[in-house]
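What follows draws every value from the coordinates through simple rules; no lab data is involved. No experiment lies behind these values; they were computed from the predicted model shown. Quick reminder, even Gly has a Cβ in these numbers, built from the backbone with ideal geometry, and neighbours come from all protein chains shown.
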Ligand SMILES: [Zn+2]
Ligand SMILES: [Zn+2]
């Protein structure tokens, strides 16, 4: 489903957007699903299902981790958020659908969004058609973050 296009949504329209998509897909927007979505929108990091599950404990003490994981996966399939599979990391989720890439600190595991429109708009390598049709591109940049560099832990 990851078409190569800008799927950004304004924060005002986020809930309408969610409702509309769930409606179209014939998925009931339950209270639990809505809370999971809200938690993802509020998350400024790239949380794992476990992290979202922890954050929901206060509001939804009985929610199962499996429910959180399955809901996040459904949201990914519907294009509501993005499932990230960064090398060597657990599955993470990202509610930021603006076209972007990820910087990954190999020391502290911090993940930062990276915007690179020149890359997004650059032409694909010649001969890519013999491999297949590209629908999305995602760069994973690895290195040390500023903080880790300052600590001189190289
Ligand atoms: Zn770091
Ligand atoms: Zn991101």
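Assorted remarks:
- Average Cα contact separation per residue, segment 14-92, under 8 Å, 6 or more apart, as relative contact order %: 27
- Least to most buried among 140, 118, 151 (fewest other Cβ within 10 Å first): 118, 151, 140
- Whole-percent pair-distance distribution, where bins are 5 Å wide, for the alpha carbons of segment 98-150: 4, 18, 21, 17, 15, 12, 8, 4, 1, 0
- Cα shape, the chain, gyration tensor, a/c 1.5 rule: oblate
- Contact order for the chain, expressed relative to its length and based on alpha carbon pairs under 8 Å spaced 6+ residues apart, stands at 23 percent.
- Arranged from fewest to most other beta-carbon atoms within 10 Å of their beta carbon, 75, 119 become 119, 75.
- Gap separating the Cα centres of segment 32-53 and segment 119-147, nearest whole Å: 27
- Of all DSSP-defined beta bridges confined to segment 1-149, some 65% are antiparallel rather than parallel.
- Put simply, the convex hull of the Cα atoms in segment 14-92 casts, on average, a shadow of 5.1 nm².
- For the chain, built as a Gaussian network whose Cα springs stay under 10 Å, the top-fluctuating residue of 143, 129, 26: 129
- Order of 111, 131, 27 under a 10 Å beta carbon neighbour criterion, fewest first: 131, 27, 111
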